[in-house]
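Working notes, structure below.
The values are calculated or read from the model by the stated rules, or taken from the named source; none is laboratory data. It should be emphasised that the depicted structure is a prediction, and the values quoted were computed from it without experimental measurement. Positions of Cβ are backbone-derived with ideal geometry, glycine not excepted, and every protein chain shown enters the neighbour counts. Note: areas computed on protein heavy atoms with side chains; ligands, DNA, RNA excluded. Shrake-Rupley method; radii C 1.70, N 1.55, O 1.52, S 1.80 Å.
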Amino acid sequence: MNSNLFPQGFVWGTATAAYQTEGAWDRDGKGISIWDTFSHTPGKVENGDTGDVACNFYNLYKEDIKLMKSLGYKAFRMSISWPRVFPEGIGEVNKKGIKFYRKVLKELKDNDIITTVTLYHWDLPQALQDKGGWESRKTAEAFSEYADLCFKEFGDLVDYWITFNEPFVTAFPGYLFGNMAPGIKDMNAALLTVHNLNLAHGLAVKKFRKYDFNSKIGTANCRSWAVPDNLQSPSDIYAARYADEMYYFSFMDPVMLGQYPSSYYETICRFKLNIVISKEDLEIISQKIDFIGLNYYTRMLIRYDKKAPLGFSEAKGPLEKTEMDNEVYPDGLYYILKDLNKRYGSVPIYITENGRATTDKVVDSKIDDLDRIKYLKQHFEVSAKAIKEGVNLKGYFVWSFMDNFEWAHGYTKRFGLVYVDYKNQKRIPKASAYWYSKFIRESS
Ligand code: GCO
């Protein structure tokens, strides 16, 4: 494809998250997170895998950044583990944690790599979970203190801040379906969590604005293109819109428009939940942000399903599937980019995650992940088309720089451009890593 289709200065990067890559789960004063607890609970993660060691990025970050640099990736998205800097969530700061992240960020800067930091990629300090977790407003307040500490300690080294990664995963898989940490199944808790996460985001942005940084702040939500399974069925059509509103707009609308979508209120009424949303909270949540982060992987075929907790479930689609059983559907990314542009105006958008899992075989020390190359190429193409049609897309982060701990799937799914041999922590760039490298070179 023609790489000149992207504007000069377009940010090409890769993404990771703390729990998925760092390891060192109990080293140098780090506190326990809900993902440590979850993964250590038998039966929760495939093969009993944990993030205890993961990619050992904690010790190997220099080599990883060197590799990143040699491949010419311009930006890196990583997250900070909240319990590494605040072992108990609030109160005493772990100096060694601060030191670690300063070293990593400094290393990136020394290598001219643009730094993007996510404050919350799902690893809540267990101590705060024990005090009520995201059901408690106090957690939102604690988050803003934690964010403030990060701005103060790392602000000079960070180009882009992302408050939350996919808060919908915390609220729904985490608090309603129970298949992600903290593994709770409670409707009231889930919808309260939605609001407290949004509130936490707003409080953190408010803190950020006190500083005079030359950096930007936004949030990263995942949106799958929602399609009714049966286009002849009014209930499927309704369910698809409802799913989109619950999973995506319950997070983006309060931030961008200062209001929840009607489905959120409808759910509170339908289940007679004990949740009241104040005008003051909505004002806090709707602080201006500098960019929208979009994680895109697939579309979802939605059907009405009376037995499912929220009244809908996902059907299996006919298209080619990734190793995650996701349909490959690049057009969905195009539709979403156009739709966001229409709904929220020309606010800058960054694709903060996009990529796929493949079955990678090492043959003669090489990994020919042609499916990943094809997938990325198709998604780059529709992005270029959206830019041409006026969408203010400014950057793209491939998920992921390297294979890592894929949450409840453990190490069974490989998303990396770089292969990780977990036996000896060797990194082997896959064919896609070199392809992406060449693509960036040619487009800058
Ligand atoms: C997410 C998370 C990542 C995942 C990736 C692949 O988007 O779910 O941000 O941590 O690993 O999406 O599933």
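Tabulated data
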{"item": "Glu314 among the acidic types (Asp, Glu), within 16 Å of the ligand (Cβ to nearest atom) and modelled with pLDDT of 95 or more", "result": "yes"}
{"item": "Residues of the range 402-444 satisfying the condition of being more than 16 Å from the ligand (Cβ to nearest atom) and in a helix (DSSP H, G or I)", "result": "Ala431, Ala433, Tyr434, Trp435, Tyr436, Ser437, Lys438, Phe439, Ile440, Arg441, Glu442, Ser443"}
{"item": "Members of the range 118-133 found to be closer than 24 Å to Phe154 by Cβ and not polar (S, T, N, Q), listed by number", "result": "Leu119, Tyr120, His121, Trp122, Asp123, Leu124, Pro125, Ala127, Leu128"}
{"item": "Residue that is least open to solvent (accessible area, probe 1.4 Å), among those in the range 402-431 that are of a type in the set (Ser, Thr, Tyr) and closer than 18 Å to Ala15 by Cα", "result": "Tyr419"}
{"item": "Qualifying residue in the range 18-35 (condition: open to solvent by less than 40 Å² (accessible area, probe 1.4 Å), closer than 30 Å to Leu393 by Cα and of a type in the set (Ser, Thr, Tyr))", "result": "yes"}
{"item": "Cβ-Cβ under 8 Å pairs, at least 6 apart or on other chains, the range 278-303 side touching a residue at least 60 places away in the same chain (Cβ under 8 Å) and of a type in the set (D, E, K, R), far side open to solvent by 30 Å² or more (accessible area, probe 1.4 Å) and within 16 Å of the ligand (Cβ to nearest atom)", "result": "Arg299/Trp225; Arg299/Tyr329; Arg303/Glu314"}
{"item": "Leu149 being over 19 Å from Ile34 (Cα atoms), aliphatic (A, V, I, L, M) and open to solvent by 10 Å² or more (accessible area, probe 1.4 Å)", "result": "yes"}
{"item": "Flag if Leu273 is open to solvent by less than 60 Å² (accessible area, probe 1.4 Å), of a type outside the set (Gly, Ala, Ser) and under 22 Å from the mean Cα position of the chain (by Cα)", "result": "no"}
{"item": "Residues of the range 210-236 classified as out of contact with any Asp or Glu (no Cβ under 7 Å at 6 or more places or on another chain), within 16 Å of the ligand (Cβ to nearest atom) and part of a strand (DSSP E or B), total", "result": "2"}
{"item": "Residue within the range 365-385 that is modelled with pLDDT of 95 or more, among the acidic types (Asp, Glu), within 16 Å of the ligand (Cβ to nearest atom) and in a loop (DSSP other than H, G, I, E, B) present", "result": "yes"}
{"item": "The range 288-303, residues that are more than 15 Å from the ligand (Cβ to nearest atom) and part of a loop (DSSP other than H, G, I, E, B)", "result": "Lys288, Ile289, Asp290"}
